[in-house]
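Contents: one structure, followed by commentary.
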Amino acid sequence: MKLDTKAIRYLTAEDWRVLTAVEMGSKNHEVVPTSLIAQISGLRGGSGVHRSISNLAKVDLIAKVKNAKYDGYRLTYGGLDYLALNTYRKRKAVYSVGNQIGVGKESDIYVVSDEKGVQRVLKIHRLGRISFRTVKANRDYLRNRSSGSWMYMSRLAAVKEFTFMQALRDNDFPVPEPLSQNRHTIVMSLIDAFPLRQISSVADPATLYAQLMAMILRLASFGLIHGDFNEFNILIEEKPKDQNADETKGHGSDAVTVNPILIDFPQMVSIDHPNAEMYFDRDVNCIKRFFERRFHFISDESGPTFSDARAELSKGGLKRLDVEVEASGFSKKMAKELEKYMGFVGATGDGQTDESQKQDDEEADEDTEEEDPSDKEIKDGVEDVSKQLNDQHGRAQQSSDTG
Ligand code: ADP
Ligand code: MG
């Protein structure tokens, strides 16, 4: 699903109020009755509501639901995208949206810029998009579950990712700077680097390998396992070793420092997770396998093993970020819900082999022709945003010129 921002400039303040009303109504209604939309938007009585509804439906921000017992609408992913962008606009976090730079398995990545033209990255979580085949088999789990909706799960993934990125950044891990979070999206700093996946050779594979293993162990020393630590989620920044180094050193490859930056955190787990050892070993082995294949590098040292990781932890003295994160916005309950969902849809991150990934995608594509789940099961896609929405309501009145 593409983010098409063309229509955003043409929405009136009333359109925004109606869109917001559909979102709020979705909290308790799979299909939001037109009368409820009118009531929540506070535009009752006029033809304005109907005009706005038809404007929004025309640009696919809401969709009319046929065959329902009553006349109603549901929010689409596009509508949710617009609401998030509008919030960022008000916060001055995003001014314009540029190119799409990534299509992950369950996300879309865009370069955006703030009012001063500084480039940033907008990550839009779209859980359930690809993994539909597996989901179909588990439709019962998702049906009639308030927390089973695609939009709600995408929001959980965004909140989780942002919370972990903040905790990691605060503890000097090389990760993007988390800038803002709203609904199913986050805004972070743009890293001017390519994923390891696209790097054909490095001057010193042993050093980079050691850096990555050290990072895995350092995460463990704070109680964390990345869970998707692979060549797609490590960006390689190359910087001159010393900007002021004297000329005699020349510009050979050894004049360059290689900085791995870690991204993509929705699947991070605590080192106390029941499957922690499996996740830890998988992270380590992904890197081993990649270094062997790509750089023909095999380390002399075996490991690190999970017991090495636990040993790091037991040295103590460091914060437990798994515990801290739980207390700071991404609760155990949220973690459970997201994990359950990810387990059901078989979300294994982007560490899968190309072959199996391709096959999965093709099969998923066939199935999605039947119906688009991402736009279908969205009830209760929004939670705990009422306050924010009320604020928007208040402001919508005054901002008719900016809407
Ligand atoms: P997914 O969860 O879908 O795998 P990622 O967070 O891994 O999404 O991002 C997908 C791709 O987008 C990355 O491989 C990288 O190329 C690019 N990307 C993501 N975040 C950034 C960033 N902050 N700066 C630069 N590129 C990024
Ligand atoms: Mg990724």
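Note that the stretch 1-79 presents 52 Å² accessible area per residue, ligands and nucleic acids not counted, probe 1.4 Å.
Rounded to the nearest 0.05, what FRET efficiency is calculated for Ala311 and Ala7 with R0 set to 51 Å and r the Cβ-Cβ distance?
Efficiency for this residue pair is about 0.35.
The Cα-based radius of gyration of the stretch 194-332, divided by its Kirkwood radius, gives an Rg/Rh of 1.02. With all protein chains kept in place, the per residue accessible area of the stretch 194-332 amounts to 53 square angstrom at a probe of 1.4 angstrom. Between Lys239 and Ala327, the contour length at 0.36 nm per residue exceeds the Cα-Cα span by 28.0 nm. Could you state, as a whole-number percent, how many of the C-alpha pairs of the stretch 1-79 are farther apart than 19 Å? Above the 19 Å cut-off, the stretch 1-79 has 28 percent of its Cα pairs. For the stretch 305-316, 3J(HN,Hα) computed residue by residue from phi via the Karplus equation (6.51, -1.76, 1.60; θ = phi - 60°) reads 9, 5, 6, 4, 5, 5, 5, 4, 5, 6, 4, x Hz, glycine and proline entered as x.
Between Leu224 and Ile271, the built amide H atoms are under 5 Å apart, and every one of these is 5 or more places off in sequence or on another chain. Annotation: for a label point projected 7 angstrom from Cα along Cα→Cβ of Glu277, residues of the stretch 287-308 with backbone N closer than 17 Å are 303-308.
The values are calculated or read from the model by the stated rules, or taken from the named source; none is laboratory data. Treat the numbers as computed from the prediction; the structure is a model and nothing was measured. Reconstructed Cβ throughout: ideal geometry from the backbone, glycine too, with neighbour counts over all protein chains shown. Areas reflect the complete protein model, heavy atoms only, side chains present, ligands, DNA and RNA absent. Shrake-Rupley method; radii C 1.70, N 1.55, O 1.52, S 1.80 Å.
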